[in-house]
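Note sheet for the following structure.
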Amino acid sequence: MGVATRGPARVLLSARDLSGCAHRLSLDHSLGAQGAAEGDSPEVARRKEAATLHRTRVRELLRAIHSDEATAAFVAVDEGPRERRVADTLAAVARGAQWIWNAALPDDLADRRRGHSELLAHDGVGYVPIIVVNHRVTRAVAARSNGDDPPRPATTSPLWTWLPMPDATRALRPNRRDQQRLQHLTEMLAAAGLSGDRGTGPWLAGVIGMDADCIAVIDVGPLRAEFAHLTYERLAIVDQLVPTQPSRIGECRDCSWWTQCEAELLARDDVSLVVNGMVADALRANGIDTISKLAAMPADAAPADWRTGSFPDAVAAARCHLTGQEMVRRSEATPIARADVEVDVDMESYREDGAYLWGTLLTDRTDPARPVVYRPFVTWRPLPTTAEAEAFAAFWAWLHEQIAQAEAAGKTFAAYCYSEQAENRWLRGSADRFAGMAGIPTRTEVEAFIASPRWVDVYAAVSANFYCAKGKGLKRVAPVAGFTWRDGEAGGAASMDWYALAVGLNGGPPDETQRARLLQYNEDDVRATKVLREWMGGDGVKRLPTMRSLLG
Ligand code: SF4
């Protein structure tokens, strides 16, 4: 929260205050707010920890890069009270530092801003802000294959010197929050007289992303007027001049005000509890603001200007909420591709570092005597490591051996995953990163496999066949099919912590119990996928109502 001192006229906006839920902004700055909100959720705490670790790595990288320069060239401001960091930053400026790490800028009391920049770089005119973020900020530009215009090249600077140049090999991945933070810092630098006289020239600013291989550069100058207006709007909320109220959105998942907001939404029977934020806004605009009103709507009576997704699905959401129904069949049949030999696959990755585990479960439907066996292909060498390539190569070889054996015996074959997006990303990524190493398929071979009917996305089949009131994640839908995970805490976020312990990422010895836990979790995921798709093709699924019966 960017509050210097409580009291309407003295609240300062931080970069975080510029985006996100208006009600959260209002609550954060309301009188009596202190202590009312709950602390960070485990997921938010995890993200913050990862971001801190990333910033530390970048700081050390930059320190090493500039280690042979004069001591004043790269100055790192120590952590500590804000006033001291501001003083140290200004002292570094006075000494003519070329780069200032962990810069705290003087409060801008006139325009009510407070902020800090991971890095400042002097570009010969004055300082430009550079932030360090834990997501990708550019993407590689693929060679043109279909005559389309190539994406606009990014402007990037190397890390070792501020030298912004067009970079035809990359395109920017725009991020609104990053851009707003850079605008915020740019205005603060200008207010403090640290940006130099730029006149009508560009106002460049930079972002160092997850890969920390360059500085992505953007010109925030053209958006300064628009940004001033945004700041004005957000300050009006902070000053409690604009009333706000809760509406459930994605941000609520990790918001410390959720308990309070949920109670309010439940009391209002608010429609946002059952549909997403955009649909809720569209419904409210048409006078449908409660779940009861929505549930009472005929499914074929969409408002005349309805353009926001499926109106029957919105009505189904309200009726499922009232009846407690979790899944509804879209039609009588719920088809999914089947084969004689079926392999369920689930991959586990750690952040952006790599994929350390490919778990498989083989079922031969033509041979009931053949045991259904879980086989993991795993490395416990901490990522990133080339041992990941060995595990991936072993998985790929085994999978293709099964395909060859099945086809030699005249049997059909299919491999299944739940939501191919993640698996495909690491199939392609592994082929690219380990190209040329023993047993690694080419990118073309991987693409051919992904495009083949042998690779089946069960998530896509669930999406096509069901309306899922509580979401379509495997942990949501497999229990409806009768599956339960052995570990009550199983989940993607928890598995990150388990992995860190399993390989000793935090400096401790590797924890064998967490390795066993991850393998069990992965095995349960592939078993859940199998149970779910077999259920879809059986009679049990027929106990679910159809959309026709729910909406009729
Ligand atoms: S819980 Fe949701 S509605 Fe409430 S303040 Fe947070 S983001 Fe806004």
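Quick look at the numbers
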| read-out | value |
| --- | --- |
| Percent antiparallel among DSSP beta bridges (both partners in the stretch 325-468, rounded to 5) | 75 percent |
| Those GluC sites (Glu not before Pro) in the stretch 48-115 that DSSP places in a loop and that have at most 13 other beta carbons within 10 Å | E69, E79 |
| Nearest-ten-degree value, helix 258-268 long axis tilted from longest Cα axis of the chain | 70 degrees |
| Rounded to the nearest 20 debye, dipole of the chain from Cβ charges on Lys, Arg, Asp, Glu | 660 debye |
| Cα-centred dipole magnitude for the stretch 464-552, charges only on beta-carbon of K, R (+1) and D, E (-1), debye, nearest 20 | 620 debye |
| At 0.890 mPa s and 25 °C, Stokes diffusion of the stretch 191-319 via Kirkwood alpha-carbon radius, µm² per second | 131 µm²/s |
| Rh by Kirkwood over Cα pairs, then Stokes-Einstein D for the stretch 358-411 at 0.890 mPa s and 25 °C, µm²/s | 195 µm²/s |
| Projected-area mean, the stretch 94-251, by convex hull of Cα positions, square nanometres | 12.2 nm² |
| Average projection area in nm² (convex hull over Cα atoms of the chain, one quarter of hull surface) | 30.6 nm² |
| Of every Cα-Cα pair in the stretch 247-300, the percent that sits beyond 19 Å | 25 percent |
| Loop trypsin sites (Lys or Arg not before Pro), the stretch 469-552, which have at most 11 other Cβ atoms in a 10 Å radius of their Cβ (DSSP) | R486 |
| Cα-only radius of gyration and Dmax that characterise the stretch 381-508, units Å | 17.4, 51 |
| Among M547, L505, I249 - extreme Cα towards positive end, dipole of the chain, charges at beta-carbon | M547 |
| Principal-axis tilt of helix 311-323 within the chain, Cα atoms, nearest 10 degrees | 80 degrees |
| Share antiparallel - DSSP beta bridges, the chain, percent rounded to 5 | 75 percent |
| 0 to 90° range, to nearest 10: angle between helix 492-502 axis and the chain longest Cα axis | 80 degrees |
| Hull volume in cubic angstrom per residue (convex hull over the Cα atoms of the stretch 318-370) | 197 Å³ |
| Calculated [θ] (222 nm, deg cm²/dmol) that DSSP helices of n ≥ 4 give over the chain, each run adding -39,500 (n - 2.57) | -12000 deg cm²/dmol |
| Anchor K475: lysines whose Cα lies under 16 Å away (excluding residues fewer than 8 positions away in-chain) | K530 |
| Residue among Q405, L518, S19 farthest towards the positive dipole end of the chain, charges placed on Cβ | S19 |
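Every number here is computed from the coordinates shown, using simple stated rules; none is lab data. The structure displayed is predicted, hence computed values, not measured ones. Every residue, glycine among them, receives a Cβ derived from its backbone with ideal geometry; neighbour counts consider all protein chains shown.
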